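Data block below; observations after.
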Amino acid sequence: MNEKQQNIRLYIPIYLIIVCIYIIAGVIQPIFFTWNNNVNLFTRITPLIFAGLAQTFVMLAGGIDLSIGAIIGITNVIAASLPCPDTPINIILWLFVPLSAGLAIGLINGLIISKGGFPPLIVTLATGAIWLGVTLCIMPIPGGIISLSVSRAVTGKLFKVIPSPLFIFLTTIIICHFILRRTKFGRSIYALGGDETIAYESGIPCNKVKIWVYGISGLLGACSGMFLSAWMFSADPLIGQPYILNSIAVAVISGTSLSGGRGGVIGIIGGAYIFYLLNNILNLLGISSFYQFVAKGLILILALIFTSSGVNLELKEWFGGYFYKKGRLLKKAGNDEQKD
Amino acid sequence: MNRKISNIKINNLISQNKVIFLLYGLVIILFIFGNTISKGFLNYNHVCAILRTASFLGIVSMGQTIAILTGGIDLSVGPMITMGNVFVCMFINGQNSNTLWAILFVIFLGVLFGSFSGLGVAYLKISPLVMTLAVGSLITGITLIFSKGAPKGLASPILRYIGVGSLFDLLPVIIFIWLILSVLCILLLNFSVFGRKIYYIGANEKAAFFSGIKTNFTKTMAYSISGATAVLGGALMAGYTQTAFLGIGDEYILWSIAAVVIGGTALTGGKGGYVGTIAGAIIFVLLESILTVMNMPEAVRKMANGAIILILISIYYNQEKAKVKIY
């Protein structure tokens, strides 16, 4: 199976689900198709897309980042505690201080994980707790304020037409896709996630790649925190906590394997959409928010079933040559193992 | 000669269970440290109070230990606890006669949802992290729908006695229950076929499958047990708090994982056990208690939790590296 077919198999199910939900929702409640509602959705999914991208990078390299919540929280708090008057220097400060903080935290995570050889789940759980503590030291209760022009620029419209959040996350996804698919660094991330020993033996500087992968995760987490601060116009130290598990879910739904080496960033919009689309629909239909948890759980399970490799194998057997001609040929050749 | 053999045996015992000795040493050190900070920390009543708090975490971590030993993880423990807590209060409604069937029914629910996530993990090969997350969201929704967002009901006197009372005015009942459950859990994990299977699956699932173990069924069972213990933990918490509370389980997702990891169980599965988790739960609660006694703010407590996990992890993994070097 070549790269293109693999991509199609990864991303088609998720976007199909989204389109189905979208059309059904639009038929039931026409408000859903209005431009304003969609702009609102773009704004809502942007922080989750950043968090999901961060998690995707780490998961592709075979790791996991549970400190993403703390990174979002601390950059959010830092962005809102900087001086807020609208001067160019302040805007530059707002851009660079949280970003460098996120990068530094990510690099520290990477250093501990690669140099110590500890499991990433626990290391990032621990560093997450530590940075959450630091965040609470900086700002124990929600507060702070950010520059008005920054907030307008980030959540407003570009050239009065394109919503800036849409522009921001599309550019980021394209850049991430380029890094992953068209650079040496991206290739080494996939190699590292596939098999670390083989990657090491074929001359990839594993430790260096690992450190930078966590660095990028910190950077993207910082983007998410900054966007949240601009959107809310203030900061909340605990805002990142829901993003820990949601980012993992988004990355997995968008087709990235938790064991590393497989997946990409193209499906991430779909993954993030699933989370808020449903909330949005149920809100528009006036259904109690309690049912949203059930719906979210069910849709998550459904999406997981469609994107999980185990189920794809089963489907392969059921439908035989209909949808998976290549798979059947492989099977006829006596190769039962999953080949992708 | 005889003495030599016994010496070797003891040495083997110590070297095999170095982590356990280290952990219980740490428990004792922390208790003594607490006593130097504030007199009366080692008071019998206070020790009992700490163990009582640890027992809830210990019971919840029981299932988490089993799930992690199979190489998975259970993130649905938080919602499970909340469900147990809310539903038990709702069904009991202050009546002693309702207690038994309410707890049994709630445990049945836990097994049901646990096996649901187990089925997804084992048969559909969905990664446990996300599957249990999704099932957790489902459970949260169901709890909210049935409690209408405002949980009602009261714990019965019997449940209250279990939560806060003590046997013969000496040993808190909840600690006694924890003891019985831990003995059962240790027996299950170390001295039963099922336990062996769990360790094999965690160590190498493919090899376990080819040696004729029904890996999928065993995994599903592991998640059902995890659901049952989490819900039971929530139900017993109802005895402690008297009323239901919708946010009671939220913290326990990460706490239970932390207790298991501090207890020396490897997240890759197949290594560790419940004996360590008991120490992990006690250490976790002790640390909180000591920092509270020292008047530390929430922020510092969080940092200390993170720091102790990092330190213990570095100790465990350095040990493993040393082993690799020797052999």
Unmet criterion (only one of (1) within 14 Å of chain A (Cβ to nearest Cβ); (2) closer than 22 Å to B:Gly84 by Cα) for B:Leu236 | (1)
Taking into account only those residues within region A:55-73 that are in a helix (DSSP H, G or I) and closer than 16 Å to A:Val209 by Cβ, which is nearest to the other protein chains (Cβ to nearest Cβ)?
-> A:Met59
Working only within region B:268-298, note down all residues that are modelled with pLDDT under 85, assigned to a helix (DSSP H, G or I) and over 21 Å from B:Lys39 (Cα atoms).
-> B:Glu298
Mind checking which pairs have a first residue in region B:259-288 that is more than 12 Å from chain A (Cβ to nearest Cβ) and of a type outside the set (A, V, I, L, M, F, W, C) and a second that is surrounded by fewer than 24 Cβ atoms within 10 Å (Cβ to Cβ) and not in a helix (DSSP H, G or I), Cβ under 6 Å, 6 or more apart or different chains?
-> B:Gly272/B:Ala266
Answer with yes or no whether A:Asn36 is buried (at least 24 other Cβ atoms within 10 Å of the Cβ) and within 23 Å of A:Leu166 (Cα to Cα).
-> no
When A:Gly128 is run through (1) free of Cβ contacts under 8 Å to residues at least 60 places away in the same chain; (2) crowded, with 22+ Cβ neighbours inside 10 Å, the failure sits at (1)
Taking region A:256-307 and keeping only residues that are free of Cβ contacts under 8 Å to residues at least 12 places away in the same chain and in contact with a Leu (Cβ under 7 Å, 6 or more places away or on another chain), one is left with A:Phe290, A:Tyr291, A:Phe293, A:Val294, A:Gly297, A:Leu298, A:Ile305
Between residues in region B:136-148 that are more than 7 Å from every other protein chain (Cβ to nearest Cβ) and residues that are part of a helix (DSSP H, G or I) and not hydrophobic (A, V, I, L, M, F, W, C), which pairs lie under 8 Å by C-beta distance while being six or more apart or on different chains?
-> B:Gly136/A:Gly297; B:Gly136/B:Gly78; B:Gly136/B:Pro79; B:Ile139/A:Gly297; B:Ile139/B:Pro79; B:Ile139/B:Thr82; B:Thr143/B:Pro79; B:Thr143/B:Thr82
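Within region B:299-321, can one find any residue that is away from chain A (no Cβ under 11 Å) and either modelled with pLDDT under 85 or surrounded by 14 or more Cβ atoms within 10 Å (Cβ to Cβ) (or both)?
yes
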Since A:Ser147 meets every condition but one in (1) surrounded by 13 or more Cβ atoms within 10 Å (Cβ to Cβ); (2) under 22 Å from the mean Cα position of the chain (by Cα); (3) within 22 Å of A:Gly102 (Cβ to Cβ), which condition does it not meet?
-> (2)
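Do the conditions hold for A:Gly267, that is, is it surrounded by fewer than 24 Cβ atoms within 10 Å (Cβ to Cβ) and touching a Phe, Trp or Tyr at 6+ places or on another chain (Cβ under 6 Å)? Show your work before the answer.
Working: surrounded by fewer than 24 Cβ atoms within 10 Å (Cβ to Cβ): no; touching a Phe, Trp or Tyr at 6+ places or on another chain (Cβ under 6 Å): yes.
Here the answer is no, as A:Gly267 does not meet what is asked.
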Is it the case that some residue within region A:224-231 is buried (at least 24 other Cβ atoms within 10 Å of the Cβ), within 27 Å of A:Ile12 (Cα to Cα), within 14 Å of the chain's Cα centre (by Cα) and in contact (Cβ under 8 Å) with a residue 24 or more places away in the chain?
-> yes
Qualifying residue in region A:250-258 (condition: assigned to a helix (DSSP H, G or I), under 13 Å from the mean Cα position of the chain (by Cα) and at pLDDT 85 or above) | yes
Single residue of B:Gly34, B:Gly71 found to be closer than 18 Å to B:Val260 by Cβ and either of a type in the set (A, V, I, L, M, F, W, C) or touching a residue at least 60 places away in the same chain (Cβ under 8 Å) (or both) | B:Gly71
Could you give every pair whose Cβ atoms fall below 8 Å, whose first residue belongs to region A:166-188 and is assigned to a helix (DSSP H, G or I), and whose second residue is hydroxyl-bearing (Ser, Thr, Tyr), counting only separations of at least 6 or pairs across chains?
-> A:Ile168/A:Thr46; A:Phe169/A:Thr46; A:Cys176/A:Thr56; A:Leu180/A:Tyr190
Please give the number of the condition B:Ser192 fails out of (1) among the hydroxyl-bearing types (Ser, Thr, Tyr); (2) within 25 Å of B:Gly239 (Cα to Cα); (3) more than 14 Å from chain A (Cβ to nearest Cβ).
-> (2)
If we ask which residues in region A:100-122 are within 7 Å of another protein chain (Cβ to nearest Cβ) and in a helix (DSSP H, G or I), their number turns out to be 3
All but one of (1) touching a helix residue (DSSP H, G or I) at 6+ places or on another chain (Cβ under 9 Å); (2) surrounded by fewer than 24 Cβ atoms within 10 Å (Cβ to Cβ); (3) among the hydroxyl-bearing types (Ser, Thr, Tyr); (4) within 30 Å of A:Lys157 (Cα to Cα) hold for A:Thr75; which doesn't?
-> (2)
Qualifying position, being within 14 Å of chain B (Cβ to nearest Cβ), polar (S, T, N, Q) and under 25 Å from the mean Cα position of the chain (by Cα), among A:Thr127, A:Thr155 = A:Thr127
Scanning region B:42-55 for residues that are in a helix (DSSP H, G or I) and either hydroxyl-bearing (Ser, Thr, Tyr) or surrounded by fewer than 24 Cβ atoms within 10 Å (Cβ to Cβ) (or both) gives B:Tyr44, B:Asn45, B:His46, B:Val47, B:Cys48, B:Ala49, B:Ile50, B:Leu51, B:Arg52, B:Thr53, B:Ser55
Is it fair to say B:Ser127 is modelled with pLDDT of 80 or more and more than 9 Å from chain A (Cβ to nearest Cβ)?
-> no
Is it fair to say B:Leu100 is away from chain A (no Cβ under 14 Å) and free of Cβ contacts under 8 Å to residues at least 12 places away in the same chain?
-> yes
Might you check whether a residue that is surrounded by fewer than 20 Cβ atoms within 10 Å (Cβ to Cβ), out of contact with any helix residue (DSSP H, G or I) (no Cβ under 7 Å at 6 or more places or on another chain) and assigned to a helix (DSSP H, G or I) occurs anywhere in region B:240-253?
-> yes
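The values are calculated or read from the model by the stated rules, or taken from the named source; none is laboratory data. Keep in mind the model is a prediction, meaning the values are calculated, not measured. Quick reminder, even Gly has a Cβ in these numbers, built from the backbone with ideal geometry, and neighbours come from all protein chains shown.
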